[in-house]
Ligand code: IPM
Ligand code: MG
């Protein structure tokens, strides 16, 4: 196979800072593991808007379609709050997801032992937690038509978004959840609001169809999404894989992320259909946002972005052993007490910088050889 290609879109806020550490990890793999990547970089979000007046140019979109994987940092920031909706930084991210057809968004929430004390929940509730949220990413209320803000004859205005799902959209994301479950705890919980939404009724019926016809060996349960949110904080370890729609997935994954102690820890993979070379269309990004409050201060935790690269090794480059190596290196530095500011518990302590966290992880990688 040719040298695998990566497109880095560091984006806004802390995106470039955390991505800087990922670039060092990529270089390490080239130097020490003989794994070369063909890396290119481009702009997305506010950075692209500043340079080109659009949060994602057609050229960048075309590049993203061609590479083996896109690594994204973060988009958005207060400087762009008043922009027209159509050119907001987030539109760049949503265009990538939609045009690459990245329908399956994997958001693992794993609690590292060393951090179990930092969760806002009691230690025994989160220690050893390892769940995977599979969020549908290319449909539902994020993209449904009609949408917009309309003037009504009586002088009022009306804001409209449409929640819609088709059979095939539900079935394909359900399949990816069942496939993942088979490699994990073999359980899927599907979340929707079938009690109040027709799209939720269809969701439940289609997930059940896929289960009965293709994955009867996997344990399936259904839950209303509001109850799901409550169960996530009550007893999260009851879950293995959760599959849900775009909007509920957005909310539930932030909730699950916080169980692990910090949003600075959570990676994600967004996967689509296989390309000609057999690899899935893919984009990897940390779940945290651009964190404008700490931008440029060297304080950001690069772990979510680094673990996103580990997911790239696992899901795009089929190298579970190297993904394990990188995840273990992260686990090791946390066990040794390395803490960026977001990881300091109530007792405080002195945090290390973004670069120092990168240094520690590189040292742990060296030690793993
Ligand atoms: C996420 C983010 C995005 C979303 C924003 C930045 C558009 O919150 O990836 O969870 O709502 O999907
Ligand atoms: Mg979100």
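The values are calculated or read from the model by the stated rules, or taken from the named source; none is laboratory data. These numbers come from a predicted model, not from an experiment. Please note: Cβ atoms are built from the backbone with ideal geometry, for glycine as well, and neighbour counts cover all protein chains shown.
Remarks
- Among the numbered conditions (1) within 14 Å of ligand 2 (Cβ to nearest atom); (2) more than 20 Å from the chain's Cα centre (by Cα), the only one that residue 267 does not meet is (2).
- Qualifying positions in segment 235-271 - closer than 15 Å to residue 317 by Cα and more than 16 Å from ligand 1 (Cβ to nearest atom): none
- Residue 160 being farther than 21 Å from residue 241 by Cα and either assigned to a strand (DSSP E or B) or out of contact with any helix residue (DSSP H, G or I) (no Cβ under 9 Å at 6 or more places or on another chain) (or both): yes
- Segment 283-312, residues that are more than 11 Å from the chain's Cα centre (by Cα), within 16 Å of ligand 1 (Cβ to nearest atom) and surrounded by 23 or more Cβ atoms within 10 Å (Cβ to Cβ): 290, 291
- Of all residues in segment 10-39, those that are closer than 20 Å to residue 50 by Cα and either surrounded by fewer than 24 Cβ atoms within 10 Å (Cβ to Cβ) or touching a helix residue (DSSP H, G or I) at 6+ places or on another chain (Cβ under 7 Å) (or both) total 8.
- If you go through segment 176-189 and keep only what is surrounded by 15 or more Cβ atoms within 10 Å (Cβ to Cβ) and without any contact (Cβ under 8 Å) to a residue 40 or more places away in the chain, you end up with just 179.
- Just one of the listed residues (207, 126) is crowded, with 20+ Cβ neighbours inside 10 Å, in contact (Cβ under 8 Å) with a residue 24 or more places away in the chain and more than 27 Å from residue 280 (Cα to Cα), namely 126.
- Flag if residue 252 is buried (at least 21 other Cβ atoms within 10 Å of the Cβ), without any contact (Cβ under 8 Å) to a residue 60 or more places away in the chain and assigned to a helix (DSSP H, G or I): no
- Wholly within segment 258-369, helices (runs of 4 or more DSSP H) carrying at least 2 residues that are in contact (Cβ under 8 Å) with a residue 60 or more places away in the chain and outside the structural domain of residue 80 (by TED's automatic domain parsing): none
- Residue within segment 110-129 that is under 21 Å from residue 316 (Cα atoms) and within 16 Å of ligand 2 (Cβ to nearest atom) present: no
- Residue check for residue 124: in a helix (DSSP H, G or I) and within 25 Å of residue 236 (Cβ to Cβ): yes
- Screening residue 217 with (1) away from ligand 1 (no atom under 16 Å from the Cβ); (2) outside any helix (DSSP H, G or I); (3) within 24 Å of the chain's Cα centre (by Cα) gives one miss only, at (3).
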